[in-house]
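Below is one structure, written out as structure tokens, with a few remarks after it.
The values are calculated or read from the model by the stated rules, or taken from the named source; none is laboratory data. Please read these numbers as outputs of a predicted model, since none were measured by experiment. Don't worry about glycine lacking a Cβ; one is built from the backbone with ideal geometry, like all the others, and counts go over all protein chains shown. Note: accessible area is taken over every heavy atom of the protein model, side chains too, but ligands, DNA and RNA are not part of it. Shrake-Rupley method; radii C 1.70, N 1.55, O 1.52, S 1.80 Å.
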Amino acid sequence: MASSHRISRRDFVKAVTATLSGVMGIAMGIPIISYLIDPALNVQSSEAWIPLGPLDGYPIGTPTAFSFTRSNINGWEKTVNSYGGFILRKSESESDILALSNRCTHLSCSVNWNEEREEYVCPCHDAQFDIEGEVNAGPPPHALDHFETKVEEGTLSVKFPAVLAHEG
Amino acid sequence: MMKNIYAWLDERLGFDDMYKMLLDRPEPHGNWWNTLGSASLFLFIMQGVTGIFLTVYYAPTPDHAYDSIQYIMNDVAFGWLIRGMHHWGASLMVFVVFIHMLRTFFSASYKYPRELTWMVGSVLFLLTLGMGFTGYLLPFNQRAYWATVVATNIGGVVPGIGPFILRALRGGTDVSALTLSRFFSAHIWMLPAALAGLIGLHLYLIMRHGESAYPDQDD
């Protein structure tokens, strides 16, 4: 080469090709990686307060059933799930409320309140829970889950999802 | 270190020979029209790559095809870009392949000894149109559905075996879930496999015979 400052046509073409390939690689690489990992970055919180109507509608001392549905959107697919439970007002106080999930902790069947036996009974394997949700008999590993509750302007709400009996 | 690795690989793979054969071969005097084959190859690869990424979110069923594309376009990061490239790249590929074919025709490059390159190229052109035809149904919107109804009806007017062709294309008498899934299968597996194989043959023939020079006044 005559002078080290001169660049041959061949080297110039090589450098331009390499640069353009690099630019194209980055310009396409970033969108493609974002595209692939996008669902992993959009984690939607499923927590929500579910209003259950006026607190006056729930009698004191007797478990009263409630139910609600939650929809879940994954991409283009929407699934709707039903949830339910029982509100037990132990006294007039707005803080003295127990909201139990009706999901049996054994295999997730729905338990029912049996007025005569004064306990929740699961129709699947005859699990029995007392009025506070503790296990009386049967296969369940632990007590019924419960919902956090709050009362605002006379309206009772529960916090979804239900939590383990001994948490929160 | 790198040099040793390269030498080891080159001894076994023959990079240098490959480089000479693929990229360092003699070419007739340059002409931009001669680049259309490379452009077609680039578009094929681009359609392949963007298509592969589209299958990450696309669902080839009547229930979900439209919604999954809406999801790609509106919710996935850069989904609009990937699908946009695939959508516009498809039209561009048909166009570029066709112009490539016209150039070959007008420069008489199909003559001896390149007849087989031309024949394979003609099949490649038809396969490209097949990709356009099958891909058009996949968004499963009104336009896609009715275009496929009309286009498969065209197959149905072939004398004698028309009704059979119609049912074979549609996978039944109507454009249905079966049509969508068989078009999808053709679009992502059968036609691309045939295209890739024949492109390989096409390129081999081009390397074997070299590119044709343009005819001059004496030819």
Task: In the range B:174-219, residue surrounded by the fewest Cβ atoms within 10 Å (Cβ to Cβ) [restricted to those that are in contact with a helix residue (DSSP H, G or I) (Cβ under 6 Å, 6 or more places away or on another chain) and closer than 24 Å to B:Val150 by Cα] - done: B:Ala186
Task: In the range B:26-44, the residues that are open to solvent by less than 70 Å² (accessible area, probe 1.4 Å) and in contact (Cβ under 8 Å) with a residue 40 or more places away in the chain - done: B:Pro28, B:Asn31, B:Asn34, B:Leu36, B:Gly37, B:Ala39, B:Ser40, B:Leu41, B:Leu43, B:Phe44
Open item on the list: When the residues of the range A:67-100 are narrowed to those that are part of a strand (DSSP E or B) and basic (Lys, Arg), which ends up farthest from the other protein chains (Cβ to nearest Cβ)?
Closed with: A:Arg89
Open item on the list: Which numbered condition in (1) hydroxyl-bearing (Ser, Thr, Tyr); (2) open to solvent by less than 60 Å² (accessible area, probe 1.4 Å); (3) without any contact (Cβ under 8 Å) to a residue 60 or more places away in the chain is the only one that A:Tyr58 fails?
Closed with: (3)
- [ ] List every residue pair whose Cβ atoms lie under 9 Å apart, where the two residues are 6 or more positions apart in sequence or sit on different chains, the first residue falls within the range B:193-209 and is at pLDDT below 95, and the second residue, located anywhere, is assigned to a helix (DSSP H, G or I) and among the small types (Gly, Ala, Ser).
- [x] B:Leu203/B:Gly37; B:Ile206/B:Gly37
- [ ] Can you tell me which residue within the range A:28-55, out of those that are of a type in the set (A, V, I, L, M) and facing chain B (nearest Cβ under 10 Å), is surrounded by the fewest Cβ atoms within 10 Å (Cβ to Cβ)?
- [x] A:Leu41
TODO: Working only within the range B:1-58, note down all residues that are more than 28 Å from the chain's Cα centre (by Cα) and of a type in the set (Val, Ile, Thr).
DONE: B:Ile5
